[in-house]
Ligand code: DX5
Ligand code: ZN
């Protein structure tokens, strides 16, 4: 079984409470928050204040995906706002070991993400330290992009490594997920699957959430 993490990037922010309630009713497992700074990625989204609002609106775990430069400066603020998972990008962070410890010491689960073109080998030294590896299946920055299927090979390799070496990290995938590819993604070994457009750009968000969930049970 995999868990479904709707990304509120694709939600209607004029009615966020209703949108979050809708995915809860469809049995979503985690709320994924995409934080972008206009530097690490071209787009800009929101910060700790909105995460605190999301935290008020749901009891589900909150998964904060930091697509920002210098994430170490703002990690504590996101954790104080209710983040359960904090994920940073391997491509941005020079001292991964230090930042993983910082996240854990402040009481959240520590994730590391890799872009589609980043090899999993870059993570090998710290795999025993992380709680989560987030494999990007689109180039980060925007919702609604096409799924890059070659990234599934990285998920399969990570899953194999995890089994062989008895690592504890969860494997998450993010970008371009839909009802057509979600089963293959689950079968590749993903524990958590993020979906933005496929969940929220719909007439009936609850029904779509349930449908996606049923595909990955
Ligand atoms: C992309 C974000 C994703 C995005 C996924 O930079 O990290 O979480 O919201 O959106 P969809 O599912 O529309 O590709
Ligand atoms: Zn994301």
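At-a-glance table
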| item | result |
| --- | --- |
| Segment 100-111: number of residues that are surrounded by 17 or more Cβ atoms within 10 Å (Cβ to Cβ) and in contact with a strand residue (DSSP E or B) (Cβ under 6 Å, 6 or more places away or on another chain) | 5 |
| Failed item, numbered, when residue 82 is tested on (1) in a helix (DSSP H, G or I); (2) away from ligand 1 (no atom under 16 Å from the Cβ) | (1) |
| Segment 130-155, residues that are surrounded by 20 or more Cβ atoms within 10 Å (Cβ to Cβ), part of a helix (DSSP H, G or I) and out of contact with any helix residue (DSSP H, G or I) (no Cβ under 8 Å at 6 or more places or on another chain) | 151 |
| Residues located in segment 186-211, provided they are within 11 Å of residue 4 (Cβ to Cβ), surrounded by 24 or more Cβ atoms within 10 Å (Cβ to Cβ) and touching a residue at least 24 places away in the same chain (Cβ under 8 Å) | 190, 193, 194, 195, 199, 209 |
| Neighbours by Cβ (under 6 Å, 6+ apart or cross-chain): first from segment 126-146, within 23 Å of residue 170 (Cα to Cα) and in contact (Cβ under 8 Å) with a residue 40 or more places away in the chain; second within 12 Å of ligand 2 (Cβ to nearest atom) and assigned to a loop (DSSP other than H, G, I, E, B) | 137/175; 137/176; 140/41; 141/41; 141/43; 143/196 |
| Single unsatisfied condition, residue 115 versus (1) within 14 Å of ligand 1 (Cβ to nearest atom); (2) farther than 19 Å from residue 86 by Cα; (3) surrounded by fewer than 22 Cβ atoms within 10 Å (Cβ to Cβ) | (2) |
| Answer from 93, 51 - the residue that is surrounded by 16 or more Cβ atoms within 10 Å (Cβ to Cβ), away from ligand 1 (no atom under 13 Å from the Cβ), at pLDDT 95 or above and not in a helix (DSSP H, G or I) | 93 |
| Verdict on residue 30 being within 15 Å of ligand 2 (Cβ to nearest atom), surrounded by 18 or more Cβ atoms within 10 Å (Cβ to Cβ), modelled with pLDDT of 95 or more and closer than 19 Å to residue 174 by Cα | yes |
| Filter pass, residue 6 being part of a loop (DSSP other than H, G, I, E, B), within 14 Å of ligand 2 (Cβ to nearest atom) and in contact with a helix residue (DSSP H, G or I) (Cβ under 7 Å, 6 or more places away or on another chain) | no |
| Qualifying residues in segment 164-186 (those that are more than 15 Å from ligand 2 (Cβ to nearest atom) and assigned to a loop (DSSP other than H, G, I, E, B)) - the one nearest to residue 10 (Cα to Cα) | 178 |
| Criterion: touching a helix residue (DSSP H, G or I) at 6+ places or on another chain (Cβ under 7 Å), farther than 17 Å from residue 181 by Cα, assigned to a helix (DSSP H, G or I) and more than 12 Å from ligand 1 (Cβ to nearest atom) - qualifying residue of 123, 158 | 158 |
| Subset of segment 187-202 (residues that are at pLDDT 95 or above and either in a loop (DSSP other than H, G, I, E, B) or over 30 Å from residue 168 (Cα atoms) (or both)) | 189, 190, 191, 196, 200, 201 |
| Unique match (being more than 16 Å from the chain's Cα centre (by Cα) and either in a helix (DSSP H, G or I) or closer than 19 Å to residue 130 by Cα (or both)) among 15, 27 | 15 |
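Results for (1) touching a strand residue (DSSP E or B) at 6+ places or on another chain (Cβ under 9 Å); (2) more than 11 Å from ligand 1 (Cβ to nearest atom), shown as yes or no for each residue.
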{"residue": "132", "(1), (2)": "yes, yes"}
{"residue": "139", "(1), (2)": "no, no"}
{"residue": "146", "(1), (2)": "no, no"}
{"residue": "197", "(1), (2)": "yes, no"}
{"residue": "203", "(1), (2)": "no, yes"}
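The values are calculated or read from the model by the stated rules, or taken from the named source; none is laboratory data. All values reported here derive from a predicted model rather than from experimental measurement. Glycine also receives a Cβ, built like all others from the backbone with ideal geometry; neighbour counts cover every protein chain displayed.
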